[in-house]
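Below you'll find the structure, written out as structure tokens, and then a few comments.
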Amino acid sequence: MRLIETWLADPERAFDLFAKFPAEETGFENPAAGMDREQFAAYVRGLRDESLGVGLPDGWVPATKYILVNDEGDYVGIFNLLPFPALDGGKIVFLLIEGITGGHGYATAGLKLTLAKARELGIEEAYLSVHKTNPASLAVQQHCGARIDHEDKTEYYTRIATCMESDGLYARGD
């Protein structure tokens, strides 16, 4: 399993992956929903610029959208990493293809890989939120070491500390 930056992915396969998701699903926003291939190509160029901090509005920080690739080479999910320097942490949001990803450990593997990317950026703690109607996502986060920090009527807000291990970077709780 591996993560690749969206702009380094095969353009057709990336387009097909993003097209599978609605504009918003359980907190994950997909601005590429409904785009044609030309619009999507421009969107991907924008993602690359955003990750490099190019042309960001005041107060915005660079973010990176990754595609999760399984061991067979299939594109199975999208993970977004957004550092928040003021909070000494980062926000991670993810979405996986429903139906083909359940039970394969893709969410756990993708989250661990994204936490490793966060650690490489010097992020010591990741912040996530999960709709209360999505217990599977909460279970994935907790499996990766998340603790519920607080909640409101519709969401749990979790934190996951990252740490170093001799065999690589991963979340506490392994």
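The values are calculated or read from the model by the stated rules, or taken from the named source; none is laboratory data. In this text, all values refer to a predicted model and were calculated from it rather than measured experimentally. Please note: Cβ atoms are built from the backbone with ideal geometry, for glycine as well, and neighbour counts cover all protein chains shown. Surface areas here come from the heavy atoms of the whole protein model, side chains and all, with no ligands, DNA or RNA. Shrake-Rupley method; radii C 1.70, N 1.55, O 1.52, S 1.80 Å.
Put a dot 7 Å past the Cα of Lys153, heading toward its Cβ, do the same for Leu8, and the two dots end up 4.3 nm apart. Over all other residues within a Cβ to Cβ distance under 13 Å of Ala42, the charged ones net out to -1, with Lys and Arg as +1 and Asp and Glu as -1. Taking other residues whose beta carbon is less than 13 angstrom from the beta carbon of Gly110, and scoring Lys, Arg as +1 and Asp, Glu as -1, yields +2.
With kT/(6 pi eta Rh) evaluated at 25 °C and eta = 0.890 mPa s, and Rh the Kirkwood radius from Cα pairs, the range 19-64 diffuses with a coefficient of 211 µm²/s according to Stokes-Einstein. Taking the centroid of alpha carbons for each part, the range 15-67 and the range 104-126 are 19 Å apart.
Note on the chain: with neighbouring protein chains present and a 1.4 Å probe, carbon and sulfur make up 51 percent of its accessible heavy-atom surface. The number of Lys pairs in the range 4-158 with C-alpha atoms less than 20 Å apart, excluding pairs fewer than 8 positions apart on the same chain, is 8. Dividing the mean sequence gap of close Cα pairs (under 8 Å, 6+ apart) by how many residues the chain holds gives a relative contact order of 17 percent.
Close amide H partners of Phe84, meaning residues 5 or more places away or on another chain with modelled amide H under 5 Å apart, are Gly89, Gly90, Lys91.
Summarising the label geometry, the points placed 7 Å from Cα in the beta-carbon direction at Glu25 and Ala116 lie 2.5 nm from one another. Taking all protein chains into account, the per residue accessible area for the chain stands at 53 Å² (1.4 Å probe). When you filter the GluC sites (Glu not before Pro) in the range 1-89 for DSSP loop state and at most 10 other Cβ atoms inside 10 Å of their Cβ, you are left with Glu72. Based only on the alpha carbon positions, what is the Kirkwood hydrodynamic radius of the chain, in angstrom? The answer is 16.5 Å.
With only Lys, Arg, Asp and Glu charged, each at its Cβ (+1 for the first two, -1 for the last two), find how big the charge dipole of the range 15-162 is about the Cα centre; round to the nearest 20 debye. With Lys and Arg at +1 and Asp and Glu at -1, about 220 debye.
For the range 1-42, a simple Cβ point-charge model (Lys and Arg +1, Asp and Glu -1, everything else neutral) yields a dipole of about 140 debye relative to the Cα centre.
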